[in-house]
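Just so it is clear, none of the values below were taken in a lab; they were calculated from the coordinates. Since the model is a prediction, treat every value here as computed from it, not as a measurement. All Cβ positions, even for glycine, are placed from backbone atoms using ideal geometry, and neighbour counts span all protein chains on display.
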Amino acid sequence: MLINLNLDLRLKYTAVLAAAAFWTAAGMTPALAADADVVIDNFAFVPATVTIAAGEAVTWTNHDDTPHQVLASDKSFRSPGLDTGEHYRLVFAKPGTYGYYCSLHPYMVGTVIVH
């Protein structure tokens, strides 16, 4: 019984190592998606700060009855006007800290931190 259990564990371990070697050799390192979602609600970005890895995305979704527009503080990105239920998705390729605000309601501010 113990021999069969050890053999079973070794086979599972070997299968995991083989899969990891395959993915690495193929240049397709598997990664978990960790995109971030920001809700626009009650004239605020919720959460106000999100942290993601380079290559991941942030999606803003407007839950207010009023249009909003996401605009980078440095003007590097701008969403179209977002009506109720509409969303805007942006992939952040480079690490950095990206401040943004609503161009229609400038007191609404947020930050994306990209590692």
Query raised in the report: Hey, quick one: spin label on Thr51, modelled 7 Å out along Cα-Cβ, who in the range 73-115 has an amide N within reach, i.e. under 15 Å?
Result: 95-98, 111-115
Query raised in the report: Taking neighbour counts of Cβ atoms within 10 Å as a proxy for exposure, in what order, fewest first, do Ser103, Ser79 appear?
Result: Ser103, Ser79
Query raised in the report: Given H placed on each backbone N at 1.01 Å, which residues far from Ala36 in sequence or on other chains put an amide H within less than 5 Å of it?
Result: Ala57, Val58, Thr59
Requested in this report: Could you give the size of the charge dipole of the range 36-114 about its Cα centre, using +1 on the Cβ of each K and R and -1 on the Cβ of each D and E, expressed in debye and rounded to the nearest 20?
Outcome: 380
